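Heads up: the structure comes next, in structure tokens.
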Amino acid sequence: MEISSRTRAASAGLALALAVLTALTAAPTAGADAALPGIAPRAETPALYDDEAGGNADADDPAIWRNPAAPERSLVIATAKEGGLRVYDLDAREVQSVPAPAAPGPGDAPGRFNNVDLVHGLGLSSGRADVAVTSDRGSDRLRIYRVDRDRPGGPLTDVTDPAAPRVFSASQHEVNEQRTAYGLATWTDRATGRSYAVVSRRERTALALLELAAAPGGKVGYRKVRTLDLPASFRLPDGSSWSPCAEPGEGPQVEGMVVDPASGTLFAGQEDVGIWRLRADLTGTPRLQEKVREYGVPGTYDEQTEECVPGADPGYGGTRLSADVEGLALLTERDGDGYLLASSQGDDTFAAFDREASDGHEYEGGFRVTAAPGGGPDGSEECDGAAVLNAPLGRKYPHGLLVVQDGHATPEDGERGATGFKFVDLGDVLDVLDS
């Protein structure tokens, strides 16, 4: 059961309200975003290093599993790309490391776990269980892991059906090109009880709806229900056509996604475009709900630097998100209200939008995750993935937890860039957003 935010002292609420008011009334520029309130994390995971010595581990996307019998023994399950999965306790200590599959043959791509989400109470041939579902970009498949908190050697056990098909690719050759399963969000249809994963495709605009299903021996498989392509080019108000600048052959991909189970609405972050709102079953017409600031800005790809050189801004973009728009997370409240949280990777901020469509998903405020004082955990920069749970998790997080990826964890080791995850008390976030 999810809970509403706690009662706050009047003096603290006034101070926070003034901070948010300053942020909301400031002009939407990178400098103005510096006025957003800063929230310090309570804990951080050990640094991961994306090199041979570090097992090519690169932090990306988290999910929070709540232990209903003992909330203080809940877990954070997170992807580390070629490093597989990492499982952490609420002290951010590593509990388990699950390797990604090896490459099937010489020259083939190895497993690479990109995004992860949870399904609760999925019906297996061995009974109902909570499972973690991850997109394996290296093999263009989903991998499914049963969650058993106290299993010796656990808590994750691979229950992927060996016959699980590729999501987008027709052959290993296509898999090796790595236009494969990328972003992922799971959801369960409340009307039918069936569970699904929505998966995006790397360097393309395609989304696929996969139905999860029990297979013999307690395994889990899936079947493709339908696909949908989001736009790759856009008509601007001046009548011109615009596409985000990218390396030749690459399209504007989606990664961060989340489903509101109450309405069956999928929010999908097209990184250089904005946040789409559409039906989670991929029927109907998608609507671009929120644009990034860079929307409509022309760009030229420079082969020498492998970077895009932007042109003049025509002023068609949004005011709250700087590309890339990345991790999306749904902060739900018991009364049906709540927030859609989005990582604005380009300016190291997080934006909160009203959960309810009747309120137009209007902007409600923002914040940064900043370094804790006195040599505590550092903040979050260039955040890829985020997860939030508005439910008590014992004494450490009685008001819930926000976990965000940090693309520049410190201290770094020489030239070895580090990544990791930051654990933020959700009560601190709600203090800012509800003031």
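The values are calculated or read from the model by the stated rules, or taken from the named source; none is laboratory data. Just so it is clear, the structure is predicted and the values come from calculations on it, not from any experiment. Cβ: placed from backbone, ideal geometry, glycine included. Neighbour counts: every protein chain shown. SASA here: full protein model, heavy atoms, side chains in, ligands and nucleic acids out. Shrake-Rupley method; radii C 1.70, N 1.55, O 1.52, S 1.80 Å.
Some observations on this one:
- Restricting attention to the stretch 338-349, the residues being out of contact with any Ser or Thr (no Cβ under 8 Å at 6 or more places or on another chain) and acidic (Asp, Glu) number 0.
- Scanning the stretch 313-325 for residues that are within 11 Å of residue 351 (Cβ to Cβ) and not β-branched (Val, Ile, Thr) yields a count of 4.
- Of all residues making up the stretch 64-88, the number that are closer than 30 Å to residue 177 by Cα, open to solvent by less than 20 Å² (accessible area, probe 1.4 Å) and not in a strand (DSSP E or B): 3
- Residue that is touching a helix residue (DSSP H, G or I) at 6+ places or on another chain (Cβ under 6 Å), in contact (Cβ under 8 Å) with a residue 12 or more places away in the chain and part of a strand (DSSP E or B), where the choices are 341, 402: 402
- Subset of the stretch 142-178 that is closer than 23 Å to residue 219 by Cα, among the acidic types (Asp, Glu) and part of a loop (DSSP other than H, G, I, E, B) - its residue that is most open to solvent (accessible area, probe 1.4 Å): 150
- Residues of the stretch 369-390 satisfying the condition of being under 17 Å from residue 430 (Cα atoms) and surrounded by fewer than 20 Cβ atoms within 10 Å (Cβ to Cβ): 370
- Number of the condition not met by residue 61 [criteria: (1) surrounded by fewer than 23 Cβ atoms within 10 Å (Cβ to Cβ); (2) in contact (Cβ under 8 Å) with a residue 24 or more places away in the chain]: (1)
- If you go through the stretch 71-88 and keep only what is touching a residue at least 40 places away in the same chain (Cβ under 8 Å) and among the small types (Gly, Ala, Ser), you end up with 74, 78.
- Unmet requirement for residue 307, which otherwise passes all of (1) open to solvent by 60 Å² or more (accessible area, probe 1.4 Å); (2) touching a residue at least 24 places away in the same chain (Cβ under 8 Å); (3) acidic (Asp, Glu): (2)
- If you check 108, 91, 117 for being within 27 Å of residue 260 (Cβ to Cβ), open to solvent by 20 Å² or more (accessible area, probe 1.4 Å) and touching a residue at least 40 places away in the same chain (Cβ under 8 Å), only one passes: 117.
- Qualifying residue in the stretch 288-304 (condition: within 25 Å of residue 210 (Cβ to Cβ) and either open to solvent by 50 Å² or more (accessible area, probe 1.4 Å) or modelled with pLDDT of 95 or more (or both)): yes
- Boolean, residue 253 is farther than 14 Å from residue 328 by Cα and either surrounded by fewer than 17 Cβ atoms within 10 Å (Cβ to Cβ) or modelled with pLDDT of 95 or more (or both): yes
- Qualifying residue in the stretch 312-328 (condition: modelled with pLDDT under 95, assigned to a loop (DSSP other than H, G, I, E, B), more than 17 Å from residue 257 (Cβ to Cβ) and open to solvent by 40 Å² or more (accessible area, probe 1.4 Å)): no
- For residue 262, the criteria (1) modelled with pLDDT of 95 or more; (2) over 17 Å from residue 316 (Cβ atoms); (3) hydrophobic (A, V, I, L, M, F, W, C); (4) open to solvent by 20 Å² or more (accessible area, probe 1.4 Å) hold in every case but one, which is (1).
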